[in-house]
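Step one of this worksheet: look at the structure below.
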Amino acid sequence: MRVVLRRKEQEKGGSMQLHYDTKAPRQSVNLTANSDLLRLSRSKKVNLSALLEKSMIEFLKQNELVQWREENRESFDSYNRMIETDGMLSEESGLL
């Protein structure tokens, strides 16, 4: 049961944390972007640097989640087969 709960938390983003140096110095970069998206974003007074960082964090978190799922797929499949075959331990002991 613990594996399923952790998996659900990971899918919701609840326990998935990206580890990086939040105090690392800023670095200037040159980017190209759709000019209309840029115009619309600027009209909303968005901080493009903050938006880029937030987007990178979300991208990297999602990438880690996909990798984590793949690395643990065999364990999830094995656990799910065990539940299908034997039922949950809590059902046997009357905890549910």
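The values are calculated or read from the model by the stated rules, or taken from the named source; none is laboratory data. These figures come from a predicted structure and were not determined experimentally. Reconstructed Cβ throughout: ideal geometry from the backbone, glycine too, with neighbour counts over all protein chains shown.
Contact list please: Cβ distance under 7 Å, first residue in the stretch 48-69 and over 21 Å from S35 (Cβ atoms), second residue part of a helix (DSSP H, G or I), pairs at least six apart or on different chains.
Close Cβ pairs (under 7 Å, with a partner that is part of a helix (DSSP H, G or I)) amount to L65/Q10; W68/Q10.
Name the residue that is modelled with the lowest pLDDT, counting only residues in the stretch 33-77 that are of a type in the set (G, A, S) and part of a helix (DSSP H, G or I).
S75
So which residues in the stretch 38-80 are surrounded by 13 or more Cβ atoms within 10 Å (Cβ to Cβ) and among the aromatic types (F, W, Y), if there are any at all?
W68, F76, Y79
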